[in-house]
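Structure, as structure tokens:
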Amino acid sequence: MLTEFRNEPFTDFTSKANEDAMKAALKKVKQEFGQSYPLLIGGREIRTGGDELVSTNPGNPKEIIGKFSKATVKEADLALEKASEAFEKWRNVPANERARYLFKAAAIMRRRKFELGALICYEIGKNWAEADADVAEAIDFCEFYGREMIRLSQPQPLTPYAGEENELSYIPLGVGLVVPPWNFPLAIMVGMATAAIVSGNVVVLKPSSETPMIAFTFCKIMEEAGLPPGVLNFVPGPGSSVGDHLVTHSKTRFIAFTGSKEVGLRINELAAKPNNGQLWIKRVIAEMGGKDSIVVDSEADLDSAADGIVASAFGFQGQKCSACSRAIIHQDVYDEVLKRVLERTKKLKVGSCEEKETDMGPVASKSAYESILEYIEVGKKEGRLVAGGATNGHQGGFYIEPTVIADIPPKARLAQEEIFGPVLAFIKGKDWHDCLAIANNTEFGLTGAVYSKNREHIEEARRDFHVGNLYLNRKCTGALVGVHPFGGFNMSGTDSKTGGKDYLLLYMQGKAVSERF
Ligand code: NAP
């Protein structure tokens, strides 16, 4: 019997056995670096020749993780064709059978947890705990969506009507383009791809150009799980060229995207225009950026608030869509909260993700590094630099110290634009209502948190703090599958609520059948 869904536990790295296993995994995956990898289309490995997409370690950019054949328009077309062929069979595979491919993949990932974690440490610079959480979330998505599909395949309740048998069932959409970001290189990619697959769709996966190795490894895991050829196709290539072609193609039925606001809006716009021969309105599921705040009221547990701010601002170098990039503090406690945040920030260890003790690794890429440093310069003019601001060139890696900039005006660039790095803006609010108004003053609406002991204020935040994921007296990162369905409002996206009970419906359409006997 299938047991009830439970979240995958995180690995305890204080255990010597786990520490040793992680060190062994880091060693093992490193031995395989530098190889060339093909595209995977219709169950076949395809090498395109020419220029390869080179994935490097952001902590040591000379180290090549893997080299990938780049898809051109020709391979993109082939992937759509093979996926369309596979759909004809896959859509008729019963839901519980489809679910078992996900359960099998989850079991494989559980067995290879350290190895996957090690790969994430190297390819994108997560520390051990963050990498482990990424793998756990990927396992959760497989286990959760598998169970959800079984639930949704049961007869749906309808109002009885004399003389007729009525039924409503959910059927898949068709060929889906899955476009993930690099920041949860396993979890988000697995979440979108498996949701699509278990719902009966077939997938063309265009991985992030920063993390193709992790995406390739996942596709091989699905192959090992026995997924039929063509159901999941691996098509790496620059978003700017092959991405547009896949989005606009008439065979693409839906697009599941997670990434920046700019790319999400572009996909949404391109997908809205029917292409020659296209039979449907493309569905776009787009989860985009954030500019997330933690509000600290005058009556609050200030230590707990400082812990929550530092964990949310600097976990994975601030490169989470849910990261706290604005601490909005009631003026009565502003200086005290700033002092406590600085005490904690200064203790964070920046360094290589091969080391167990590292709190913060490198940022994702050279372009991220340069953009974050530019924002720090802007911040120095808009406010007062009170921590960090410096780089740390260990092995030529993209390391940036955790940075806090105080006294940022609520409408400054640092308070409004997504930086996606370890840069925290401190903003002073005159009173509780001013703090709440500032928290709502961006175009985004993804996550937010409030620390307060005032019941009335907490209730007001529940009602009026306009974000998809609101946290009260806790940090604003770390959503768990099934526990905190995740997705944002306004320019943060279509509020798809990943890891929630409504999510799979985005990948299906309801068919009502009535028979009069
Ligand atoms: P990005 O630059 O928007 O890229 C996301 C994906 O889109 C990548 O696979 C990228 O491929 C692809 N892409 C780029 N241009 C494309 C095009 N014209 N057509 C099709 N695909 C295209 O975002 P990112 O830097 O990877 O990720 C960081 C962003 O993701 C942040 O804004 C963050 O807030 C957001 N995010 C949101 C959530 C959420 O749940 N709301 C979760 C995680 C991250 P290439 O790599 O080849 O360019």
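Worth a mention:
- The requirement of being part of a helix (DSSP H, G or I), assigned by TED's automatic domain parsing to the domain that holds Ser199 and crowded, with 24+ Cβ neighbours inside 10 Å is not satisfied by Glu115.
- Leading residue by the ranking (farthest from the ligand (Cβ to nearest atom)) among those in the range 299-313 that are under 24 Å from Arg413 (Cβ atoms) and touching a strand residue (DSSP E or B) at 6+ places or on another chain (Cβ under 6 Å): Ile309
- Checking each residue in the range 379-402 for being without any contact (Cβ under 8 Å) to a residue 40 or more places away in the chain and closer than 14 Å to Lys346 by Cβ picks out Leu385, Gly389, Ala390.
- The number of residues in the range 16-37 being surrounded by 12 or more Cβ atoms within 10 Å (Cβ to Cβ), out of contact with any helix residue (DSSP H, G or I) (no Cβ under 7 Å at 6 or more places or on another chain) and among the hydrophobic types (A, V, I, L, M, F, W, C) comes to 2.
- Condition check for Ile458: surrounded by fewer than 24 Cβ atoms within 10 Å (Cβ to Cβ), modelled with pLDDT of 95 or more and touching a Ser or Thr at 6+ places or on another chain (Cβ under 7 Å): yes
- Among the residues of the range 330-383, the ones that are of a type in the set (Val, Ile, Thr), in a helix (DSSP H, G or I) and within 16 Å of the ligand (Cβ to nearest atom) come to 1 in all.
- Residues satisfying the stated conditions in the range 266-300, i.e. open to solvent by 50 Å² or more (accessible area, probe 1.4 Å), in contact (Cβ under 8 Å) with a residue 60 or more places away in the chain and within 26 Å of Pro185 (Cβ to Cβ): Arg283
- Considering the range 130-165, and only residues there that are open to solvent by 60 Å² or more (accessible area, probe 1.4 Å) and of a type outside the set (S, T, N, Q), the residue that is nearest to Pro422 (Cα to Cα) turns out to be Arg151.
- Qualifying residue in the range 243-258 (condition: surrounded by fewer than 14 Cβ atoms within 10 Å (Cβ to Cβ), more than 7 Å from the ligand (Cβ to nearest atom) and not β-branched (Val, Ile, Thr)): no
Yes or no, residue by residue, for (1) more than 25 Å from the chain's Cα centre (by Cα); (2) modelled with pLDDT under 95; (3) over 19 Å from Glu357 (Cβ atoms):
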| site | (1), (2), (3) |
| --- | --- |
| Phe13 | no, no, no |
| Glu19 | yes, no, no |
| Ala25 | no, no, no |
| Phe33 | no, no, yes |
| Pro38 | no, no, yes |
| Arg44 | yes, no, yes |
| Gly59 | no, no, no |
| Ile65 | no, no, yes |
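- Residues of the range 282-294 include at least one that is part of a loop (DSSP other than H, G, I, E, B) and more than 8 Å from the ligand (Cβ to nearest atom).
- The residue pairs whose first member lies in the range 235-249 and is under 23 Å from Trp280 (Cα atoms) and without any contact (Cβ under 8 Å) to a residue 40 or more places away in the chain, whose second member is open to solvent by 40 Å² or more (accessible area, probe 1.4 Å) and near the ligand (Cβ under 8 Å from one of its atoms), and whose beta carbons are closer than 7 Å, counting only pairs six or more residues apart or on different chains, are Asp244/Leu270; Thr248/Leu270.
- Residue count for the range 426-448, restricted to those that are within 26 Å of Ile376 (Cβ to Cβ), away from the ligand (no atom under 16 Å from the Cβ) and of a type outside the set (S, T, N, Q): 7.
- Meeting the requirement of 1 or more residues that are over 24 Å from Glu137 (Cα atoms) and basic (Lys, Arg), the strands (runs of 3 or more DSSP E) wholly within the range 1-75 are 44-46, 60-69.
- Of all the criteria given as (1) of a type in the set (A, V, I, L, M, F, W, C); (2) near the ligand (Cβ under 9 Å from one of its atoms); (3) open to solvent by 10 Å² or more (accessible area, probe 1.4 Å), the one not satisfied by Ala225 is (2).
- The range 230-240, residues that are more than 8 Å from the ligand (Cβ to nearest atom) and either among the small types (Gly, Ala, Ser) or open to solvent by less than 10 Å² (accessible area, probe 1.4 Å) (or both): Gly230, Val231, Asn233, Phe234, Val235
- Any chance Ile267 is aliphatic (A, V, I, L, M) and not in a helix (DSSP H, G or I): no
- Count of the range 432-460 residues, restricted to those that are acidic (Asp, Glu) and farther than 14 Å from Tyr471 by Cα, is 3.
- Scanning the range 250-308 for residues that are under 30 Å from Ala461 (Cβ atoms) and among the acidic types (Asp, Glu) yields Glu262, Glu287, Asp292, Asp297, Glu299, Asp301, Asp303, Asp307.
The values are calculated or read from the model by the stated rules, or taken from the named source; none is laboratory data. Not measured: the values here are computed from a predicted model. Neighbour counts run over all protein chains shown; Cβ positions are idealised from the backbone, glycine included. All accessible areas refer to the heavy atoms of the entire protein, side chains included, with ligands and DNA or RNA removed. Shrake-Rupley method; radii C 1.70, N 1.55, O 1.52, S 1.80 Å.
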